[in-house]
1. Which numbered condition trips up D:ILE309, out of (1) surrounded by fewer than 22 Cβ atoms within 10 Å (Cβ to Cβ); (2) under 30 Å from C:ASP127 (Cα atoms); (3) aliphatic (A, V, I, L, M); (4) touching a Leu at 6+ places or on another chain (Cβ under 8 Å)?
2. Answer yes or no: is there a residue in region C:361-370 that is more than 10 Å from every other protein chain (Cβ to nearest Cβ), crowded, with 24+ Cβ neighbours inside 10 Å, closer than 18 Å to C:ASN82 by Cα and in contact (Cβ under 8 Å) with a residue 60 or more places away in the chain.
3. Test C:VAL262 against the stated conditions and say whether it is in contact (Cβ under 8 Å) with a residue 24 or more places away in the chain, of a type outside the set (Phe, Trp, Tyr) and in contact with a helix residue (DSSP H, G or I) (Cβ under 6 Å, 6 or more places away or on another chain).
4. Are any of the residues in region A:76-89 of a type in the set (Ser, Thr, Tyr), at pLDDT 85 or above and over 23 Å from C:GLY219 (Cα atoms)?
5. Which of the residues belonging to region D:247-271 are crowded, with 23+ Cβ neighbours inside 10 Å and of a type in the set (Ser, Thr, Tyr)?
6. Could you list all residues from region A:107-132 that are facing chain C (nearest Cβ under 9 Å), assigned to a loop (DSSP other than H, G, I, E, B) and buried (at least 22 other Cβ atoms within 10 Å of the Cβ)?
7. Can you tell me which condition C:GLU200 does not meet? The list is (1) acidic (Asp, Glu); (2) in contact with a Ser or Thr (Cβ under 7 Å, 6 or more places away or on another chain); (3) surrounded by fewer than 20 Cβ atoms within 10 Å (Cβ to Cβ), and all the others hold.
8. Picking from C:GLU315, C:GLU320, which residue would you name as being in contact (Cβ under 8 Å) with a residue 40 or more places away in the chain, buried (at least 21 other Cβ atoms within 10 Å of the Cβ), under 21 Å from A:ASP28 (Cβ atoms) and within 11 Å of chain A (Cβ to nearest Cβ)?
Amino acid sequence: MTTASKEICKKLADKLGVVLDFREEAGDPWALIPAERWKQACLTARDEPELSFNFLRSLCGVDRPDDGVIEVVAHLFSYQHRHALVIHTNTDRSASRLESVSSVWPAAIWHERETFDLFGVDFTGNPDLRRILLPEDWVGHPLLKDYEEPDSYRGIPTTRPGYEKKKFGPQLKKPAPKKPAPKVEKKPEGGEAPKGTAGSAEQK
Amino acid sequence: MGSFSEYLANIGRSIVTLGDGLAVTFSYLLRKPFTIQYPDRTEKPVVAMLPERSRGILEIDINVCTGCSICAKQCPIDCIHIEVVKDEETKQRVLKRFDIDVAKCMFCGLCVEACPVSGLRHTHEFEGSMSDVHRLMLSFVDKPQPVAKPAKKDEPAPETKPVGSIVRKLLADWWKPANPTSGGPR
Amino acid sequence: MTEVLQSTPDREELILNMGPHHPSTHGVLRFIVHTDGEIMRKAVPDVGYLHRGLEKIAELQTYPGYMPFTDRINYLEVMFTNMAYATAVEKLLGTEVPPRAEVLRVLVCELNRIASHQITLGCITMDLGAFTPFVHLLRERERINDLMEALCGNRLTFNYMRIGGVSQDVPDEWLKQLEAFLDHFEPVIDEFDSLISYNEILIKRMGEVAVICAEDAVGFGLVGPNLRASGVDWDVRRDLPYGAYPQMDFQVPVGMGEKGTVGDCFDRFIIRVEEMRQSCKILRQCLANLPEGDIKAKVPKMPRPPKGEVYSCVEGARGELGVYLISDGTPKPYRLKWRTGSFAGLSIIEHISRGLMIADLVAVIATLDVIAPEMDR
Amino acid sequence: METLSNYIADYLELSGLAREILYAVLIVAVAAGVFMVALTISGLLTLAERRVAGRIQSRVGPNRVGPLGLLQWLADGLKLIMKEDLVPAAADGPLFRLAPYLVIVGVFAAFVSVPFGQLLIAADLNVGVIYLLAITSLVTVGVLMSGWASNNKWSLLGGIRAAAQIVSYEVPAVLAVLSVVLLSGTLSMQGIIAAQGGWPWHWYLFHNPFTFLAFFLYFTAAVAEGNRTPFDLPEAESELVSGYNTEYSGMRFAGFFLGEFANIYLMSAIATTLFFGGWQIPGVTPEQQATSWGLQLVGLLIFVAKASIGCFVVIWLRWTFPRLRVDQLMSVCYRYLVPLSLLCLAANAVYMLLIPAGSMIDRIIHYGTAAFGGLVGLIFLWRVFHHIRSVGDRLDLNVLARGQKGRFDPRIQARRYGKFRKKRYSKETG
């Protein structure tokens, strides 16, 4: 697994013309791609006949407050060559922004929406970057390690009344650099209607 | 002519496949129904029909419990509340509270697997509907009592009460007014 | 209603709000359907009504303590979610699972696959208007539930697997009961075929409807039966073997375009029927060579996997079910991500919905086998 | 009607105005009687539907209210009457309230000319068949009206579907009926029955291959007109939630339901009249039957039995088939049913020209068609037993099964928790 991944990674690095940071820990090895080469790397990985990663298994975020980054991780797989590759990239935690790969794999549209929803990573170029799992008026991105559960949402308490309050707060080892206020509000189209009302029907 | 034969073939295929489907449904009129008519028209109470390993409402035999709290630590959702205090006079550890919140319990069985003395177990009881969610807190300790000593290696395991007997009694108690000292909303 | 109509950009369009409480959206799932009469211009799925934050919960639980939560990822493929999670942790820990446990895992997984396909096929027929096949399949599923309850104590949320093996060995007589079930169930599949599979109305409703070509299927990340129906011959069990699957002999049904084009609704339907037969075959093999031995490897009570990450996938009833797990050396996962078939599967609906009829949308949702809790997690 | 009125008037030696009043009273009484009969029939049919559906799905079906669950329909009706009658705020109130009555009236008025027996017919109109087809068209108006007035998109789609469907399927239904009218030479329901005989080979069903086909065309079209699966697109609960009656509740909803079930009985009764020899008793001529009250009763039973079998088939179809799509629905109508029913009509005309009634060839064709029908039935039975055997089930002829007897008494359950429950209730109330 490791050697195969290393070779694939080498091929990818050759095509891109950069040296990729290849990490091996327990489990699967992975390659770190510079954020500015992210989309190019994905395109190369898909189109290069030796690689031909036509299947985007998953794309998700990982919050690393200690390093001040949000990682975006993509799991690629090729049905032709039956090989897999894991690529990471780092985005700045205070203003996470990354080029969208939704034009490379259409599956990425929803995966990126999910990552935006749960981590607040802004994927530029995604045609439909809205919240997907959480209501559209939700504040904050819950999978961040410094996320604090609100007491209530629209007047509905998040804990059962009469029970000891057991909220999950920040899971940080040391105080993290403050992330600016969630970016939902500054989405391009204003006037987002909350989910569940008729008004959101014609949004695009 | 091709399309006309197709036309006829369509009709023919429809008659054959639809007819065979009708035969299947008609045949079910001539078979025994599969229904088990819970709760009353069964051979015996459904609780007694459940398989051995069936995971129902949890119960703890307090007379066996050593107060080790492993179950509470194993529980992924913290539905077991145990309070053990040390009695200053007798130097004994006293079990003050052993509550199981059945409303929260997800019947995963991790606590039962962890219990070293097999005092905690799943019963087959499952009929515990309540109009008030706070009443779903089962309190197994009425008054504080000293914890049991774990059995030595060569000793036989202590006798436990029959499975289900404790919880049945508590379920019956659900209908009584809430006891402010144990369980219930806090 | 007036509000929506007034705000419609195109006055010729009728906007239908299908769901979240619609009989055929299977759980709480919503579609905003733009139609011109009966013909759709676009159907936009809106998911998230069942989001329970299971990925966040994973970060707050110990490794063994998260196992019951995997039951809740998808109530129809509990064994697969159990197994995907267990294998992920085992990969990180480097644990060898004893052979008996491996075969037991395959056994319960295939049983679970049959149960899941029964619900799927039943729902497809029910959404197309035939209620009886659904009830018949539920009746058969009841037998599987009984078997599962006898094996692991619960009918739906099994929580059967553990890191390093399975929780309990099979009870006495259980294997005989399973064999009796298989003897009974195999003819029932044929009966189901006569009842509905080749019913001319059903074929007309599903043949040539909502064709997904292989390229789209791969691009949108469709997996499992949906992918195979589009003609891509891929099965994780066969092609990236795990557990005891290398010992098993089975075929992987691929969409043939039997009653229309490759990748239409009928292909997605009939492939699942065929898979039930193959699962019966695998189950019989498991019964024939169930090795003796331990059912659980030695794993510490509170495992602390070394620092690292792993992606582990199994072939669930809805295709590749992946777990991406990052460990930071503590007893709790650092990050856990579920890659589920329904999430990717549903994203294709907006792409293929143009030109379909409202009645077809129902067929597409059903045949894509979308399960709301699995998408929303 | 008039004969009955005259008979009573003569018996009571009435004349003039009194005679007219009696006539009017009788009309009201008969109308009320017809209404009650139709109501009871549709109520019983709801029960039949649930029981048959239950058995088809290897369930038991309702079995608790009354012996064998036979009073379930009364309980259902009572429940629906007691439910709140909602009218959505955005709905068109008057139309919304009116719609169910149109459906009920359309169907129940048709019962007037259903010949339950040789003398048991409220009005033997000389245009009976046409009257039936015309008056049931009111249903279309009612359904469309409910769909529009609900001010709900699903209802609207359902209503539009219903209008398109019912109007389209009227065509093949009428054409198929015309074949029979051609053969019998009358539009009167009693006349059509009198033109047939008691034995199956005297029925119009087995008159010749084309009437055999015409029956199936009529039946299909009638199922579609009654909005029943596989043609239940206006309701289509998996697509349109509940179609035109989505917004209805309580008694108004029950109105639609009663209309639907009365319609099933009505179409079965029409089919019985046109194709199955109606109240004709095998081996007894209509003249003989007219002389005896006993034979009249037998005739009534025969008619009801035949119509009930028809209802059973409709219910059975519903619980077997999936639903068609809108375009396929229209294609079935205009590509298959209409041309074939035209063919039947033409072929029957040619048949009447070429083959003299009562000739040897005529009789051979009757017997041949009947034999063919029997053969189809035998093949069907073989498939039924094949399916039972293949799964390893055993034949169980207890069709009215009540489910398990069971030794476990519900009172045990009550005893277990009962006294505590009582305590709690007394605490709540006192």
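1. Checking D:ILE309 against (1) surrounded by fewer than 22 Cβ atoms within 10 Å (Cβ to Cβ); (2) under 30 Å from C:ASP127 (Cα atoms); (3) aliphatic (A, V, I, L, M); (4) touching a Leu at 6+ places or on another chain (Cβ under 8 Å), the one that fails is (4).
2. no
3. Answer is no for this residue.
4. No; the residues of region A:76-89 include none that is of a type in the set (Ser, Thr, Tyr), at pLDDT 85 or above and over 23 Å from C:GLY219 (Cα atoms).
5. Selection gives D:TYR248, D:TYR265, D:SER268.
6. A:ALA107, A:ILE132
7. That leaves (3) as the condition not met.
8. C:GLU320
The values are calculated or read from the model by the stated rules, or taken from the named source; none is laboratory data. Since this is a predicted model, take the numbers as computed values, not measurements. Quick reminder, even Gly has a Cβ in these numbers, built from the backbone with ideal geometry, and neighbours come from all protein chains shown.
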